[in-house]
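The values are calculated or read from the model by the stated rules, or taken from the named source; none is laboratory data. Just so you know, these numbers come straight off a predicted model, no measurement behind them. For neighbour counting, all protein chains shown are included, and Cβ atoms are generated from backbone atoms with ideal geometry for every residue, glycine included. For accessibility, only protein heavy atoms count, side chains too; no ligands or nucleic acids. Shrake-Rupley method; radii C 1.70, N 1.55, O 1.52, S 1.80 Å.
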Amino acid sequence: PLALGLYTVNAVYGDTITMPCRLEVPDGLMFGKWKYEMPNGSPVFIAFRSSTKKNVQYDDVPDYKDRLSLSENYTLSIKNARISDEKRFVCMLVTEDDVSEEPTIVKVFKQPSQPEILHQADFLETEKLQMLGECVARDSYPEGNVTWYKNGRVLQAVEEAVVINLQKIVNKSTGLFTMTSSLQYMPTKEDANAKFSCVVTYYGPSGQKTIQSEPVVFDVHYPTEKVTIQVLPQSSTIKEGDNITLKCSGNGNPPPQEFLFYIPGETEGIRSSDTYSMTDVRRNATGEYKCSLIDKSMMDSTTITVHYLDLQLTPSGEVTKQIGEALPVSCTISSSRNATVFWIKDNTRMQTSPSFSSLQYQDAGNYICATTLQEVEGLQKRKTLKLIVEGKPQIKMTKKTNTNKMSKTIVCHVEGFPKPAVQWTVTGSGSIINKAKETKYVNGRFSSKIVIAPEENVTLTCIAENQLERTVTSLNVSAISIPEYDEPEDRNDDNSEKVNDQAKLIVGIVVGLLLAALVAGVVYWLYVKKSKAASKHVDKDLGNIEENKKLEENNHKSET
């Protein structure tokens, strides 16, 4: 490299400077010497080497003591390069007739330390110009330059918004520069997460280079511009019994720590931190809730609806009624929204609501009226009716000759609740083939039957008794050898109804025939009476008194 047409050696601070003598060695060389030139041009000799004796001598120059080395080809090396080594050095080759000289320029470069942002502001405030920090890069040579960046973009100076001052201080003992650049900055709200950094630009042996500092993010303070209220937990629905918390927040930095909460029914705001809690809320908590800053400058509101569900079952609990009685049942709902109501009887969902105009045993059971608000999770109510249908024992006895013609089965059909206890008694000779067997007790009904082989006519008595009454019914049973009408052992409700209908029809026919006969008899009697009167009139006209008497006697007999 050439500087002003001169040969230049670029060296790194602290390394060894190597300067070859760029002259051709002439014939008759006596010695070679190196010198450097002072700023005023006066020479200072530092090294000597004889071509004949090959001895080397170094001049007593304090700056270069123990730092010089002169090789056989007259190349000069200087250890531990310093800034002060930036000089014009000259190689001299001397013969008897001539002195040859060749100058070399030495340039020394020192890379600065990585820049640091020092004296950083604790925080920045919007609309206020303040010192952000100082970017410091030390020990540079030659001096460098400092540039500030925000989010990777160069910060240009702007009056009263971005103020940059650069100072360069040289160390007199080392000649190295320290660059200090201060930045005054007026932030905006958008600078909350901005990354600030600085870059030092310096020159090295190979040209221009840069080193960047670590980025720094500053806490930017700005006032609250908006207040927001929200309900926690964030649920679309709130029901009675829930616990809720109102949270108020401002979008400033730092955020406000205290607020005023306005509750429905309260005229004054309640001062609290950023939250206000309510436990076990009721339906009267429905309304508009507000919060504001302490100075009431900003406010936000929200509406809370506390959903509720009431169920009234009449009657409820345990209810005891007699068979055949009526029982009105009502299940009324009061809710904040449309509710779904359904009935369950003995763990089975019913298709319709229960209605009891004439209670039967099968109506007894556990009834549940349940309701739910589908839109509100967990809001459901239910109440229970335990219906007991009581009845005095009712007995119907039937008999049946078994197919083997050796025995008869007598059945006592019993209705009643509580379940009646059944006893059998037999009057007359005969033996009970087996003990009484009972069918399953269902809907207040069951049967008890025995098998008997009577040797003569007997009377069987069925006794059914519960807490309400004792009922006794007897049935005459002929000896097994005497044929008799056998009644079916069991008849279902449909057959019973058909038999009852047939019986009613027969009774109606009989009554109708009797009435017709009575009417015919009355008509005949009136006819006979009129005939007697006509006969009397004819006999008087004939004057036959004797015959008339006989006729009257005969008529009297006829009437009698």
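Worth pointing out:
- Counting 0.36 nm for each residue step from K79 to A453 and taking away their Cα separation leaves a gain of 120.3 nm.
- Simple Cβ-charge dipole of segment 391-477, Lys/Arg +1 and Asp/Glu -1, about Cα centre, in debye nearest 20: 320 debye
- Over the chain: helical MRE at 222 nm, DSSP H runs n ≥ 4 each giving -39500 (n - 2.57), nearest 500: -4000 deg cm²/dmol
- Annotation: extensible slack from R470 through A436 equals 10.4 nm (criterion: 0.36 nm per residue apart, minus Cα-Cα distance).
- Rounded to the nearest whole Hz, the Karplus-based 3J(HN,Hα) values (6.51 cos²θ - 1.76 cosθ + 1.60, θ = phi - 60°) of segment 381-392 follow the sequence 9, 8, 9, 10, 10, 9, 9, 10, 10, 9, x, 5, with x at glycine and proline.
- DSSP bridge analysis restricted to the chain gives an antiparallel fraction near 90%, rounded to the nearest 5.
- One quarter of the convex hull surface built on the alpha carbon atoms of segment 391-477 amounts to 5.3 nm², the projected area averaged over directions.
- Leading residue at positive end of dipole, the chain (Cβ point charges), from V477, V376, G204: V477
- Distance from segment 159-175 to segment 345-370 (C-alpha centre basis), Å: 96 Å
- Span from the segment 13-78 Cα centroid across to the segment 178-196 one, whole angstrom: 52 Å
- Positive-pole candidate from Q130, Q394, S181, dipole of the chain, charges at beta carbon: Q394
- For segment 121-206, the set of GluC sites (Glu not before Pro) satisfying both a DSSP loop assignment and a count of at most 15 other C-beta atoms within 10 Å is given as E127, E159, E160.
- Kirkwood Rh in Å, taken over all unlike Cα pairs in segment 227-304: 12.7 Å
- C-alpha long axis of helix 545-559 to longest principal axis of the chain, angle in °: 30 degrees
- For M38, solvent-accessible area (1.4 Å; no DNA, RNA or ligand), Å²: 80 Å²
- Calculated FRET efficiency, S113 to I294, Cβ-Cβ distance, R0 = 56 Å: about 0.70 to the nearest 0.05.
- Theoretical gain in end-to-end length, T286 to N151 [0.36 nm per residue, Cα-Cα removed]: 43.7 nm
- DSSP-assigned coil residues among GluC sites (Glu not before Pro) in segment 1-76, each with at most 16 further Cβ atoms within 10 Å: E24, E72
- Protein heavy-atom accessible surface, 1.4 Å probe, per residue over the chain: 60 Å².
- Between the beta carbons of T305 and E190, assuming R0 = 45 Å, the FRET efficiency works out to 0.70 to the nearest 0.05.
- Placed amide H near L132: partners under 5 Å, 5+ positions off or other chain: L183, Q184, Y185
- On Cα atoms only, tilt of 493-542 relative to the major axis of the chain in degrees: 30 degrees
- Loop-located trypsin sites (Lys or Arg not before Pro) in segment 188-252 whose Cβ has at most 15 other Cβ within 10 Å (DSSP): K226
- Surface composition of the chain: carbon and sulfur atoms hold 49% of the protein heavy-atom accessible area at a 1.4 Å probe.
- Restricting the calculation to alpha carbons of the chain gives Rg and Dmax of 65.1, 229 angstrom.
- A 1.4 Å probe over all protein chains sorts R22, R271, R283 by accessible area into R271, R22, R283, starting with the largest.
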